[in-house]
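Visitor: Below are the structure tokens for one structure; questions will follow.
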Amino acid sequence: MQKAFTPIKLRNLTLRNRFIKTATNEGMWTNGLPSPQLAAHHARLAQGGIGLTTVAYGAVHPDGRTNETQMYMRPEVVPGLKMLTDEVHRHGGAASIQLTHCGFFTNNRLVTGKRPIGPSCIINNYGLLSGIFFSRPMTNDQLLMTKSDFLRSAQLAIESGFDAIELHMGHGYLLSQFLSPHTNRRKDEYGGSLENRMRFPLEVVDSVRKAIGEDIPILCKINLSDGFKGGLEIGEAVEFAKKLEQAGVDALVLSGGFTSKTPFYLMRGDVPLREMIRAERQIRHKAAFAVFGRFIIGKYEFSENFFMPLAVKIRQAVKMPLAYLGGVVSAEGIEQVFAEGFDMVAIGRALIHDPDFVLSVAKDPHHISLCNHCNICVAEMDRGGVKCVLNS
């Protein structure tokens, strides 16, 4: 456990410990702008002792939002985000922001041309009831513009006081869609072989590095597995990790699951269908969830450190810093993470339940989170902001 509380340096950033609050969609924005509630949420995590807290889902373009209300990176977000980073720093923590683009996975009816972009033409199950049926295969000009969007968003993030950038390359969003053979059916240099499917995500890394210089660390969240047959699996994930190491990425956050097919592959435990129906704003979506939800949303049993068997394969393949994520709920589980050679530990639900989880672990080597994996916090993201209902 001692290692967990030692500092770690990523380029010019020194974290006070090796605990990361992983990006979990907060739902704390107003008219696409960060709210004071968002700043308070991350300040509270820093007050609870976290080394690095990650602001979730900074869309790099208005079309990169999964819905019309989400925050996207533009000059207007800087004051609110600067307030957030100032508060985190005041409590001794560091702050990262997750930059991403949803690709075809959206029900944003304001999307340009009424069809979202993606690597290929894909049926958009998530947007069917909003009339957004298919994606448009990205042209070379759109690839260039999207790289510029990531570049510009990274610059705005640094202007906002963030200490690190996380590029979201997992969970079935745009960069993950390029990596996955299930969604990338291109016939050009960006599709087919793994080498080609990795090309666009690696070009985004290069663009962001040019934007922010050599001092700011870049973390990438990647999938160990998409969680279904025909998707990205661990063998290809290992090769991608090697390429990211060669590209000078500073750390990987190891995750899994594909939002459009296996959303609870990452969030193991209960599927709070009733609460998700209640949180849904559109009547048609409520009805669809009620009728089809139990058939299309798979349930995965929770076990502590459930991604460990896959994550160790990445650990064996690269020397770069790795953050283990997946089912971390106890001091003993954290001991296992570091015993297996991981450099950091990324935590979501245990910190949503108790922002002082890190402090509790420091005091008690047998501490166990009281999070019961009900996953109702997932529904709460759409009901005014993520929270643990056990604390209500």
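Visitor: Sorted by accessible area with a 1.4 angstrom probe, largest first, how do 44, 18 fall?
Guide: Values: 44 80, 18 30 Å².
The ranking, largest first, comes out as 44, 18.
Visitor: A further question on this structure: Work out the charge dipole of the range 1-146 with +1 on the Cβ of Lys and Arg and -1 on the Cβ of Asp and Glu about the Cα centre, then indicate which of 17, 137, 42 is farthest towards its positive end.
Guide: 17
Visitor: Taking θ as phi - 60°, what are the ³J(HN,Hα) couplings along the range 239-253 by the Karplus curve (6.51, -1.76, 1.60), each to the nearest whole Hz, with x for Gly and Pro?
Guide: With the stated coefficients, the range 239-253 comes to 5, 5, 4, 4, 5, 5, 4, 4, 7, x, 5, 8, 6, 10, 9 Hz.
Visitor: Oh, and also: How large is ³J(HN,Hα) for each residue in the range 161-167, as worked out from phi by the Karplus curve 6.51 cos²θ - 1.76 cosθ + 1.60 (θ = phi - 60°), to whole Hz, x for Gly and Pro?
Guide: Couplings: x, 6, 8, 8, 10, 10, 9 Hz.
Visitor: For residue 139 and residue 25 in the same chain, what is the full-extension length gain: residue separation times 0.36 nm, less their Cα-Cα distance, in nm? Don't skip to the answer; put the middle values down first.
Guide: Details: separation 114, 0.36 × 114 = 41.04 nm, distance 2.93 nm.
Gain in length upon complete extension: 38.1 nm.
Visitor: Quick query: amide H of residue 30 versus all other amide H atoms, modeled in the peptide plane; which residues come in under 5 Å with a sequence gap of 5 or more or a different chain?
Guide: Under 5 Å from the amide H of residue 30: 35.
Visitor: Now, a different point. Quote the charge dipole size of the range 69-153 about the Cα centre in Debye, to the nearest 20; the model charges only the Cβ of Lys and Arg (+1) and of Asp and Glu (-1). Working shown, then result.
Guide: Numbers: 9 positive and 5 negative charges, 46 e Å.
Using Cβ point charges on Lys, Arg, Asp and Glu, the range 69-153 gives about 220 debye.
Visitor: Give the relative contact order (percent, whole number) for the range 97-224; include only Cα pairs under 8 Å separated by 6+ residues. Can you show the working numbers first?
Guide: Values: 218 pairs, mean separation 36.9, N = 128.
This gives 29 percent for the range 97-224.
Visitor: Taking a spot 7 Å from the Cα of residue 297 along the direction of its beta carbon, which residues of the range 57-88 have an amide N less than 11 Å from it?
Guide: none
Visitor: Along the charge dipole of the chain, pointing to its positive end and built from +1/-1 on Cβ of Lys, Arg, Asp and Glu, which listed residue (156, 355, 345) has its Cα farthest out?
Guide: Ranked along the dipole, the leading option is 156.
Visitor: At 1.4 Å probe size, what's the solvent-accessible area of residue 324? Round to the nearest 10 Å².
Guide: For residue 324, the solvent-accessible surface is approximately 0 Å².
Visitor: Oh, and also: From the residues 51, 252, 70, which one has its Cα farthest along the dipole of the chain in the positive direction, the dipole being from +1 and -1 charges on Cβ of Lys/Arg and Asp/Glu about the Cα centre?
Guide: Toward the positive end, the furthest listed residue is 70.
Visitor: Tell me, what does the Kirkwood hydrodynamic radius of the range 41-157 come to in angstroms if you use every pair of distinct C-alpha atoms? The partial results should precede the final answer.
Guide: Details: mean 1/r = 0.0651 Å⁻¹.
One over the average 1/r among Cα pairs gives 15.4 Å for the range 41-157.
Visitor: What is the set of long-range amide H partners of residue 13 at a cut-off below 5 Å, with H atoms built 1.01 Å from backbone N?
Guide: Residues meeting the amide H criterion: none.
Visitor: Step through the table entries 9/319; 114/210; 21/261; 187/229, compare each Cα-Cα distance with 23 Å, and write down the pairs that go over it. It would help to have the intermediate numbers written out before the result.
Guide: Values: 9/319 15 Å; 114/210 32 Å; 21/261 25 Å; 187/229 21 Å.
Too far apart for the 23 Å limit: 114/210; 21/261.
Visitor: How much mean residue ellipticity at 222 nm does the chain get from its helices, if each DSSP H run of length 4 or more adds -39500 (n - 2.57) and you divide by all residues, to the nearest 500 deg cm²/dmol?
Guide: Working: 13 runs with 140 residues, N = 392.
Taking each H run of at least 4 residues, the total per residue is -10500 deg cm²/dmol.
Visitor: Shape of the chain from its Cα gyration tensor (a ≥ b ≥ c, root eigenvalues): rounded if a/c is under 1.5, otherwise prolate when a/b > b/c, or oblate?
Guide: Working: a/c = 1.30, a/b = 1.17, b/c = 1.11.
It is rounded, given that a/c, with a ≥ b ≥ c, falls under 1.5.
Visitor: Taking amide hydrogens as modeled 1.01 Å from N in the peptide plane, which residues meet the under 5 Å criterion relative to residue 185, leaving out close sequence neighbours?
Guide: So residue 185 has HN proximity to 120.
The values are calculated or read from the model by the stated rules, or taken from the named source; none is laboratory data. Every value quoted in this text rests on a predicted model; they were computed, and no experiment measured them. Note: ideal-geometry Cβ built from the backbone for every residue, glycine included; neighbour counts use all protein chains shown. The protein model used for the area step is the full one, side chains on, heavy atoms only, and it has no ligands, DNA or RNA in it. Shrake-Rupley method; radii C 1.70, N 1.55, O 1.52, S 1.80 Å.
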